[in-house]
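**Student:** Can you keep this structure in mind? I'll have questions shortly.
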Amino acid sequence: MIGPIVTIAVPSYNQGQFLDAALTSIFDQSMPVEDFVLDGGSTDNTLAVIEKWAPRLSGWRSHRDSGQAAAINEGIASGTAPFVCWLNSDDYYLPGALEKLFAALEAHPQSAVAYGRTFNLDQQSGKLRPVWVEAFDARRLAVRCIVSQPGTLIRRSAWEASGGLDPTLQMVMDYDLWWRLFLDFGPFCFVPEEVAVNRDHDATKTNTQRFK
């Protein structure tokens, strides 16, 4: 029996309305995965969604925690697969996403990270628009975050060597990680195909805490 190839951490807090779609998109991938849901003690319908998927989850918990970054680190540390990523509970993968990212890393063994294009979904209008993603270039990364987090896959060896996400950060923890991974392991591998969707809704950190 083939073991999991990708460990996926799904941090969640009061996102029950979106969590089912996120988990569906994970288990619709044809690649063997181990999925850990890290819920921060939600008071909405999140637990009902988790219980629905519990037979297929590799683990889950629901209690107050130290924040998104710490929860993601916890989830990834709970697994053993050679590749890792996280999918926020209000985002979702497109068909074949993990397969495309995995194939890119297999074809480029020198790369620690593969990333693809993503869409932004306006939850109110239902319209999709491309997220600003570019082929990797350090000078461009210094200007703006050209890597869209839902569309990434990371080698576990690189994740562990870098220490994962900085749990003291409540914002831009992904941007911080990209820089550390680049400085330690070199340029990322870019996959010029759409692999994931990032939801834009009123409760996102981007909308509620943009100034921070």
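**Student:** Has region 138-151 got any residue that is charged (D, E, K, R), closer than 21 Å to Glu106 by Cα and either in contact with a helix residue (DSSP H, G or I) (Cβ under 8 Å, 6 or more places away or on another chain) or open to solvent by 50 Å² or more (accessible area, probe 1.4 Å) (or both)?
**Tutor:** Residues of region 138-151 charged (D, E, K, R): 139-140, 144.
From what's left, closer than 21 Å to Glu106 by Cα: none.
Looking through region 138-151, none of the residues is charged (D, E, K, R), closer than 21 Å to Glu106 by Cα and either in contact with a helix residue (DSSP H, G or I) (Cβ under 8 Å, 6 or more places away or on another chain) or open to solvent by 50 Å² or more (accessible area, probe 1.4 Å) (or both).
**Student:** Could you please tell me which pairs satisfy a Cβ distance under 7 Å, a separation of 6+ or placement on different chains, a first residue in region 119-136 that is open to solvent by less than 70 Å² (accessible area, probe 1.4 Å), and a second residue that is small (Gly, Ala, Ser) and part of a loop (DSSP other than H, G, I, E, B)?
**Tutor:** Pairs that qualify, where the first residue is open to solvent by less than 70 Å² (accessible area, probe 1.4 Å) and the partner is small (Gly, Ala, Ser) and part of a loop (DSSP other than H, G, I, E, B), are Val131/Ser148; Val133/Ser148.
**Student:** Quickly run through region 155-169 and pick out the residues that are on the phi > 0 side of the Ramachandran plot and either aliphatic (A, V, I, L, M) or touching a residue at least 60 places away in the same chain (Cβ under 8 Å) (or both).
**Tutor:** Gly164
**Student:** For region 16-27, enumerate the residues that are buried (at least 24 other Cβ atoms within 10 Å of the Cβ) and closer than 13 Å to Arg199 by Cβ.
**Tutor:** Within region 16-27, Leu19, Ala22 meet the criteria.
**Student:** Looking at region 48-69 only, could you name the residues that are farther than 26 Å from Met173 by Cα and either modelled with pLDDT under 95 or surrounded by 16 or more Cβ atoms within 10 Å (Cβ to Cβ) (or both)?
**Tutor:** Passing the criteria: Val49, Trp53.
**Student:** Something else now. Glu160 fails exactly one of the following numbered conditions: (1) under 20 Å from Pro82 (Cα atoms); (2) more than 17 Å from the chain's Cα centre (by Cα); (3) not in a loop (DSSP other than H, G, I, E, B). What is the number of that condition?
**Tutor:** (2)
**Student:** Let me confirm something: among Glu106, Glu99, which residue is open to solvent by less than 70 Å² (accessible area, probe 1.4 Å) and either over 28 Å from Glu74 (Cβ atoms) or out of contact with any strand residue (DSSP E or B) (no Cβ under 9 Å at 6 or more places or on another chain) (or both)?
**Tutor:** Of Glu106, Glu99, the one residue that is open to solvent by less than 70 Å² (accessible area, probe 1.4 Å) and either over 28 Å from Glu74 (Cβ atoms) or out of contact with any strand residue (DSSP E or B) (no Cβ under 9 Å at 6 or more places or on another chain) (or both) is Glu99.
The values are calculated or read from the model by the stated rules, or taken from the named source; none is laboratory data. This structure is a prediction, so every number in the text was calculated from the model and none was measured. All Cβ positions, even for glycine, are placed from backbone atoms using ideal geometry, and neighbour counts span all protein chains on display. Note: accessible area is taken over every heavy atom of the protein model, side chains too, but ligands, DNA and RNA are not part of it. Shrake-Rupley method; radii C 1.70, N 1.55, O 1.52, S 1.80 Å.
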